[in-house]
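The values are calculated or read from the model by the stated rules, or taken from the named source; none is laboratory data. Computed from a predicted structure; not experimentally measured. Cβ placement follows ideal geometry from the backbone for every residue including glycine, while neighbour counts extend to all protein chains displayed. To get the accessible areas, we keep the full protein, side chains included, count just its heavy atoms, and leave off ligands, DNA and RNA. Shrake-Rupley method; radii C 1.70, N 1.55, O 1.52, S 1.80 Å.
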Amino acid sequence: MTADRFAAVTGAITASVEKVIDGKPDAVRAALIALLAEGHLLIEDVPGVGKTMLARALAASVDATVRRIQFTPDLLPGDVTGVSVFDPVAREFEFKPGAVFAHIVIADEINRSSPKTQSALLEAMEERQVTVDGHSHRLAEPFLVVATQNPLDMEGTYALPEAQRDRFMMRISMGYPDAAAEVLMLRQREVDNPLARLEPVVDATGVLDLVAWARAIHVAPAVEEYAVALAQATRSHPELRLGASPRATLQLVRAAKVQAALDGRGFVIPDDIAALVVPVFAHRLIPSRVSAARGADPAQHIAALLERVVATTRVPLAPRG
């Protein structure tokens with residue numbers, strides 16, 4: 001892997017996904033960052049804005065195994081992880097893998113299932129393995145969960161527990177397309193489905209090479225301290241009941257490495273960290289009861305709070321040569 005090869009392959013993945021997702025370059029970039037930083041992506045928005053389409057377009061651009069799980073209230077944990085079935089011929093139990101055994105898993109409308117079923121993904125997302133009846137089964141690499149969820153005020157939704165949200169590296173919202181993009185979509189989708197025409201531009205081994213290249217990006221100690229300072233500021237903030245976890249800090253730095261690599265740099269700068277604070281930290285934070293009682297939209301309130309934290313945290317300066 002070289003810098004030119006990294007740029008060519010990531011550019012091809014981005015171009016492939018953007019054939020399906022019009023006018024949402026930030027969302028496409030976030031999905032690519034989650035894939036290459038070995039994280040997981042949570043897409044939250046109202047129905048019909050392309051959440052599942054983004055996940056499917058990313059999966060179609062990578063020549064790897066893909067499974068889609070439609071989360072419903074009657075979905076069982078065994079449907080996700082797999083179950084042990086007794087084989088009467090061999091007179092022993094045989095493990096039947098569940099839908100989570102794939103390189104890319106699309107968890108559609110994850111918050112429509114019960115917390116018990118949601119928790120079936122916890123071990124898989126963090127440890128890349130599934131334990132059933134005392135036996136651990138390794139998952140494929142790379143492994144990416146792209147989950148979509150509807151707003152909590154919609155019918156039939158269950159809030160994701162804190163531990164589940166903390167497993168997701170980033171949370172993004174698609175938002176409605178602008179008028180020009182929506183008109184273009186109407187014209188294109190009347191002719192054919194662009195998703196059906198997508199062809200893989202990289203295989204699973206190629207993705208692992210991209211991951212290794214991004215992981216080798218240099219992070220100076222001062223930049224690491226900056227990331228930690230941002231996380232600690234959320235833990236002591238009077239308007240927050242739950243701040244960013246150490247896992248969040250680690251994933252912030254990993255995502256910043258990919259951001260730097262995508263920009264053609266071999267090192268992370270403070271701007272990479274600052275640009276990713278909201279998508280990496282916001283879904284993990286819980287406002288205090290006093291702050292929540294003010295009636296402001298929680299997501300907007302936390303995003304504004306994080307922007308103030310970034311603005312008031314000391315940024316490391318490059319030494320003068």
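Pull up the cross-link candidates among the aspartates and glutamates for Lys24, meaning alpha carbon to alpha carbon under 15 Å and not fewer than 8 places away within one chain.
Glu44, Asp45, Asp178, Glu182
Of Gly50, Leu75, His237, which is farthest on the positive side of the dipole of the chain, counting Cα position, with +1 on Lys and Arg Cβ, -1 on Asp and Glu Cβ, and the Cα centre as origin?
Positive-most Cα among the choices belongs to His237.
When the accessible area of region 1-154 is computed with all protein chains present and a 1.4 Å probe, what percentage of it is carbon and sulfur?
51
For Met174, list long-range residues whose amide hydrogen, built 1.01 Å from N in the peptide plane, is under 5 Å from its own amide hydrogen.
HN-HN under 5 Å from Met174: Glu44.
Can you tell me which aspartates and glutamates have their Cα less than 16 Å from the Cα of Lys257? Leave out same-chain residues fewer than eight positions away.
Leaving aside aspartates and glutamates fewer than 8 places away in the same chain, those within reach of Lys257 are Glu38, Asp209, Glu224, Glu225, Asp271, Asp272.
What list of ³J(HN,Hα) couplings, whole Hz, do you get for region 170-177 from phi and the Karplus terms 6.51, -1.76, 1.60, once you set θ to phi - 60° and write x for glycine and proline?
9, 10, 10, 10, 6, x, 6, x
Summing -39500 (n - 2.57) over the DSSP H runs of n ≥ 4 in the chain and dividing by its residue number, what mean residue ellipticity at 222 nm do you reach, to the nearest 500 deg cm²/dmol?
-13500 deg cm²/dmol
Return the single residue from Arg56, Arg171, Arg197 with maximal mean-square fluctuation; model: Gaussian network over the chain, springs between Cα atoms under 10 Å.
Highest fluctuation among the options: Arg197.
In terms of Cα to Cα distance under 14 Å, which aspartates and glutamates are near enough to Lys51, apart from those fewer than 8 places away along the same chain?
Straight-line reach from Lys51, under 14 Å: Glu18, Asp22, Asp26, Asp108, Glu109.
Counting only heavy atoms of protein chains, what accessible area per residue, in Å², does region 23-83 have with a probe of 1.4 Å?
36
Picking from Leu41, Ala255, Ala274, whose Cα lies most toward the positive end of the charge dipole for the chain (charges on Cβ: Lys, Arg +1; Asp, Glu -1)?
Ala274
Which of Arg138, Arg189, Arg215 moves most in a GNM of the chain, Cα contacts under 10 Å?
Arg189
Rounded to the nearest percent, how much of the accessible area of region 181-235 (1.4 Å probe, protein heavy atoms only) is carbon and sulfur?
For region 181-235, the apolar C and S fraction of the accessible surface comes to 55 percent.
Quick one: which residues, 5 or more positions from Arg241 or on another chain, have an amide H under 5 Å from its amide H? H modelled 1.01 Å from N in the peptide plane, none for Pro or chain starts.
Hits under the 5 Å cutoff: Ile286, Ser288.
Considering only the other residues whose Cβ falls under 13 Å of the Cβ of Ala229, what net charge follows from Lys and Arg at +1 and Asp and Glu at -1?
0
Counting only heavy atoms of protein chains, what accessible area per residue, in Å², does region 136-227 have with a probe of 1.4 Å?
55
How large is the dipole of the chain about the Cα centre if only Lys and Arg carry +1 and Asp and Glu carry -1, each at its Cβ, rounded to the nearest 20 debye?
So the magnitude is around 720 debye.
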